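Beneath this line is the structure, given in C-alpha cells, with notes to follow.
The values are calculated or read from the model by the stated rules, or taken from the named source; none is laboratory data. Just so you know, these numbers come straight off a predicted model, no measurement behind them. As a convention, Cβ positions derive from the backbone with ideal geometry for all residues, glycine included, and neighbour counts pool all protein chains shown.
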Amino acid sequence: MQRRVLGIDFGTRRVGVALSDPLRFLARRLVTIDRVRGDGEGPVSEIAALCAEHDVDTIVVGFPARTDGRDSETGALASAFADALRQASDCRVELYDERYTSVLASRVIVETASKKKKKDKSLVDRIAAEILLQDWLDRERGGLTAGPCGS
C-alpha cells in the first residue's frame, strides 16, 4: 500500500493542510495552522509531525504562480518553506501551481455553507489545500490538470 500525500495551501497568515487516502485517490481537508508573526519559514515542525502521524511520504506545497509569469514575494516564501520541509522531513516535497484554489474554495463555501462558515478564512485555506491536493492526485493518475511548477 502506498503512503499518503499531504497538500499544503501556503500562506503568510495561515497554512491549510489536506491529506490523501492511503490509495491516493481522494483528498480531504485536515487542519489549518495559524502562522505566528516572526515564525521564519513557517510551521515546518508541525507539518513534519503531521507527516509522521499520518504516514506521509510526499508533500505538495502550493506555489502561488502569477498569471503573467513573474515571480512573486509569496512564491519565494513558498519555495523557502518547501526547502525547509525537505530538510525537516524524509518526504519528497513538490511545488505545485495553486492559482485560483482560494477563489474556488471561496465559491464552494458560498454555494454550500451557512453565513457563519462563509466568513471562516481558515476553512477557505483547508478547502484550498484539498482542491490543490485533489488536482495533484488526479494528475498523478494521468488526469488533465494544471501541472507542476518549474521549481
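Points to keep in mind about this one:
- Inspection of region 19-27 identifies at least one residue that is in a strand (DSSP E or B), touching a Lys or Arg at 6+ places or on another chain (Cβ under 9 Å) and of a type in the set (Ser, Thr, Tyr).
- Residue that is surrounded by the most Cβ atoms within 10 Å (Cβ to Cβ) [pool: residues in region 17-44 that are at pLDDT below 95 and small (Gly, Ala, Ser)]: Gly42
- Across region 89-100, not a single residue is classified as assigned to a helix (DSSP H, G or I), at pLDDT below 90 and either more than 11 Å from the chain's Cα centre (by Cα) or of a type outside the set (Phe, Trp, Tyr) (or both).
- Checking Asp68 against (1) closer than 13 Å to Asp9 by Cβ; (2) surrounded by fewer than 21 Cβ atoms within 10 Å (Cβ to Cβ), the condition it does not meet: (1)
- Those residues of region 1-45 which are basic (Lys, Arg) and either free of Cβ contacts under 8 Å to residues at least 40 places away in the same chain or over 19 Å from Leu95 (Cβ atoms) (or both), in sequence order: Arg3, Arg13, Arg28, Arg29, Arg35, Arg37
- Applying a threshold of 8 Å to beta carbon distances and a minimum spacing of six or more residues, or different chains, the list of pairs starting in region 46-69 at a residue that is at positive phi and ending at one that is assigned to a loop (DSSP other than H, G, I, E, B) reads Asp55/Arg3; Asp55/Pro22.
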